[in-house]
1. Need a quick list: helices (runs of 4 or more DSSP H) entirely within segment C:1-87 having at least 3 residues that are surrounded by fewer than 21 Cβ atoms within 10 Å (Cβ to Cβ).
2. What number of residues within segment B:173-212 are facing another protein chain (nearest Cβ under 8 Å), among the polar types (S, T, N, Q) and over 18 Å from residue C:180 (Cα atoms)?
3. Would you confirm, using the coordinates I've provided, whether residue A:30 is among the charged types (D, E, K, R) and open to solvent by 40 Å² or more (accessible area, probe 1.4 Å)?
4. Would a scan of segment C:144-161 turn up a residue that is out of contact with any strand residue (DSSP E or B) (no Cβ under 7 Å at 6 or more places or on another chain) and closer than 26 Å to residue C:207 by Cα?
5. When you go through (1) open to solvent by less than 20 Å² (accessible area, probe 1.4 Å); (2) closer than 20 Å to residue B:43 by Cβ one by one for residue B:114, which number turns out not to apply?
6. With a cut-off of at least 1 residues that are of a type in the set (Val, Ile, Thr), name the helices (runs of 4 or more DSSP H) lying wholly within segment C:124-235.
7. Residue B:195: free of Cβ contacts under 8 Å to residues at least 60 places away in the same chain and in contact with a Pro (Cβ under 8 Å, 6 or more places away or on another chain), yes or no?
Amino acid sequence: MARRIGLFVLALAMVGAMCGAALAGDTLADVKKSGVLVAGVKDSLPPFGSVDPNTKEFVGYDIDFVKYIAKKLGVKVEYKPVSSANRMPMLMEGRIDLIAATMTKNPERAKQIDFSYTYFLTGQKFLTKKGAVKSLKDLEGQKIGTAKGSTSEQNVKKAVPSATVLSFDDYPQGVLAVQQGKVIAVTTDESILAGQLGKLEKNPATKGKFEIPDIAISDEPYGIGMRKGDTNWVKFVNDTILEMEKNGEAAKIFTKWFGPDSDSPIARGSFTITADKRGTE
Amino acid sequence: MIGGLDFSVVSDNLSYFFIGRYPKGPLGGVGLTLYLAVVSLALSFIGGLVLGLMSVSRNRLLRFGSSTVIQTIRGMPLLMVIFWMFFLLPAMLGSGMTASWTIIVALTLFTSAYMSEIVRAGIVGIPKGQTEAAISTGLSHGQAMFYIILPQALRNMIPSFVNQFVSMIKDTSLAFIVGVTELTQIATQINNRTMLYPTEIFIFIAVIYFVICFAFTELSRWLERRLAYRKAI
Amino acid sequence: MLTYKFDWAIVTSGKYFDWIVSGFYVTIKLSMVSIALSFLLGLIIAIMRMSHLRPVRWFAHGYLEFFRNTPLLVQIFFWYFGSYKVLPAVANDWLVKQDFEFAAAVIALTIYTSAFIAEDIRSGVRSIPKEQMEAARSSGFSYIRSMQYIILPQAVRLTIPPLINQFLNLMKNSSLAMTIGVAELMYQARQVESYTFKGFEAFSAATLVYLALSFTITGLMTLYDKKVLQPLKGR
């Protein structure tokens with residue numbers, strides 16, 4: 001048996017050696033050549049990315065940004081559903097050309113991949129049953145739901161160390177757990193929670209029973225993720241989103257998904273897309 | 001209590017459950033589940049045959065090699081094999097692999113290890129005298145295996161293969177974890193969107209899986225009885 | 001070209017090592033609790049399957065077929081997310097106060113595995129010659145008592161190898177509990193990956209632990225066969 005395990009370790013090491021190389025070519029040229037932009041997006045997280053049940057098309061804030069980028073390039077878009085946990089590996093392995101999936105910029109991630117300028121700014125809050133949580137104290141020693149591999153998970157562990165953090169594959173499963181009383185709160189970015197609350201408000205069975213108390217534990221700047229060192233591609237995406245800010249497209253997309261008449265109204269406040277380095281240093 | 005369930009969420013999304021975004025996007029749902037299972041099973045048959053033949057080979061190195069591969073794979077959860085493939089394949093083969101094909105490779109690798117045992121048992125189950133008789137008529141060892149032993153062994157293995165197909169269909173549900181839109185992933189998507197009907201959604205897909213798997217389990221039993229009957233006469 | 005730098009230290013000591021170890025404990029606990037319950041439930045179902053009462057037999061048969069022919073993952077999701085609508089409110093409230101993730105995983109694993117174990121026990125019982133039951137009955141034992149004292153003890157002994165095999169499957173299947181937030185070995189390996197981006201090291205560590213567990217269990221099976229079953233057969 002020892003020999004067998006030894007052999008296995010040897011095999012692993014060999015495969016590992018082959019793994020050494022990862023790709024960082026010129027995505028801009030590749031996408032133009034192939035005529036297809038492969039975008040990693042969320043598929044069940046309105047208002048950022050979800051499949052419309054009637055048309056079966058992808059829709060959302062992230063999707064509209066991807067569409068604009070593709071239009072400017074004159075290429076088609078192929079959407080690949082990603083989760084918070086698998087989006088970075090998928091990008092680094094070259095399965096997707098960019099990540100537009102509610103991804104917070106932070107220094108650890110910025111070591112692995114490159115980010116665009118901030119295209120959305122929000123803060124991490126909690127969604128709970130009405131009246132259940134008034135301050136961070138109410139969360140101590142409780143179970144809190146979030147998604148695997150997200151910054152939300154790491155932030156909440158820091159903010160409420162005594163809480164038990166349960167990580168699901170994605171946020172809606174956490175919301176379901178709140179609804180069923182299995183966790184006291186689900187925590188992530190306000191923008192995502194607002195979308196979830198909007199869904200709960202639309203349903204007569206859950207209307208008026210949930211809220212997002214005004215407790216923020218972090219700033220969350222979203223960036224579009226691209227492979228490290230893919231300079232031309234990063235510049236192109238950055239130029240494009242700055243252009244979107246200038247011609248009013250970015251504000252229009254915001255109003256479409258988060259304006260007062262949307263399902264998840266939040267304020268854009270003073271946020272505009274600028275050549276910022278937020279979250280990456 | 002079943003009276004409190006509202007299955008309209010199922011009827012509203014019926015086509016999504018069965019074919020996913022097709023024809024506007026790739027095939028998904030039940031269609032993709034069956035596709036993954038059929039392709040992986042066909043490939044596992046080949047993989048199982050190769051590993052199985054290696055394990056009854058007279059060459060010690062081949063025997064040792066196959067048994068190492070088989071034991072290692074059988075010692076791991078399928079989920080682990082899937083993660084490994086997701087991690088290693090792109091590094092080794094570049095970015096050409098889709099998620100569906102990565103899952104197919106993982107399922108194939110995993111199931112081949114189990115298939116090889118079926119193949120081995122099938123070959124060992126044919127009386128030794130047959131090989132000896134074949135060799136005494138002038139066939140080589142390899143010829144005896146391919147023309148005499150294997151055809152009989154394979155026929156006896158058919159019910160086990162069908163059974164393996166049932167496991168395969170159940171195993172495809174793990175593709176959910178890496179975002180392949182087969183039936184389980186579709187169900188979670190709809191559940192995430194609608195929020196209020198997890199009970200209805202999961203009962204529904206459990207029944208779908210059951211109908212498919214049970215049909216094949218019965219087929220396997222029927223084949224087994226027929227085979228037993230043919231042997232008896 | 002980027003080059004992947006190996007950093008085995010992260011999984012051999014320190015915080016991430018502790019995560020893997022705690023995952024290992026949860027996997028063991030989950031498997032142990034579930035196998036014990038599966039055995040009990042499997043025994044009950046097997047006895048029901050052999051009952052003289054037709055409805056009881058049918059129920060057990062339906063149970064077996066349904067739970068064997070549905071994916072475990074779907075069953076886990078059902079118990080965790082979907083069971084609240086079909087369980088009575090009292091049971092729900094009680095469950096939510098417990099470690100519900102762990103409980104749902106145990107319930108799903110137990111029900112799934114018990115269906116396989118019940119079939120193993122049944123074929124064990126069938127391999128005991130019929131005459132033994134007849135002899136027991138004619139010497140004054142009731143059906144239940146003859147089962148209890150004569151048939152089952154022998155059947156269980158024969159059923160141990162397939163049971164160990166089921167334990168092996170269960171241990172591997174327990175990895176699916178990560179999907180509902182149970183912090184077992186696979187969950188922790190993925191956590192290490194997402195915190196450190198060192199997937200290769202994290203998965204290698206977890207793989208080695210799973211293989212060590214599997215080989216230990218297989219070894220036990222061979223030992224049992226050699227020390228207990230072979231001598232019995234030789235007698």
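The values are calculated or read from the model by the stated rules, or taken from the named source; none is laboratory data. Worth saying up front: this structure is predicted, and the values here are computed from it rather than measured. FYI the Cβ positions are ideal-geometry reconstructions off the backbone, even for glycines, and counts take in every protein chain you see. Areas reflect the complete protein model, heavy atoms only, side chains present, ligands, DNA and RNA absent. Shrake-Rupley method; radii C 1.70, N 1.55, O 1.52, S 1.80 Å.
1. On the way: elements: C:9-12, C:14-49, C:54-68, C:72-77.
It comes to C:9-12, C:14-49, C:54-68.
2. The total comes to 1.
3. yes
4. Let us first name the residues in segment C:144-161 that are out of contact with any strand residue (DSSP E or B) (no Cβ under 7 Å at 6 or more places or on another chain), namely C:144-161.
The next check asks that each one be closer than 26 Å to residue C:207 by Cα; those that pass are C:161.
Yes - at least one qualifying residue is present in segment C:144-161.
5. Every listed condition holds for residue B:114 apart from (1).
6. Details: elements: C:130-138, C:143-146, C:152-173, C:185-196, C:199-224, C:230-234.
Those helices (runs of 4 or more DSSP H) span C:143-146, C:152-173, C:185-196, C:199-224.
7. On the way: free of Cβ contacts under 8 Å to residues at least 60 places away in the same chain: yes; in contact with a Pro (Cβ under 8 Å, 6 or more places away or on another chain): yes.
When the stated conditions are applied, residue B:195 passes them.
Here's the yes/no breakdown for (1) within 14 Å of another protein chain (Cβ to nearest Cβ); (2) without any contact (Cβ under 8 Å) to a residue 60 or more places away in the chain:
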{"site": "C:75", "(1), (2)": "yes, yes"}
{"site": "C:78", "(1), (2)": "yes, yes"}
{"site": "C:91", "(1), (2)": "yes, yes"}
{"site": "C:103", "(1), (2)": "yes, yes"}
{"site": "C:106", "(1), (2)": "no, no"}
{"site": "C:114", "(1), (2)": "no, no"}
{"site": "C:121", "(1), (2)": "no, no"}
{"site": "C:124", "(1), (2)": "no, yes"}
{"site": "C:130", "(1), (2)": "no, yes"}
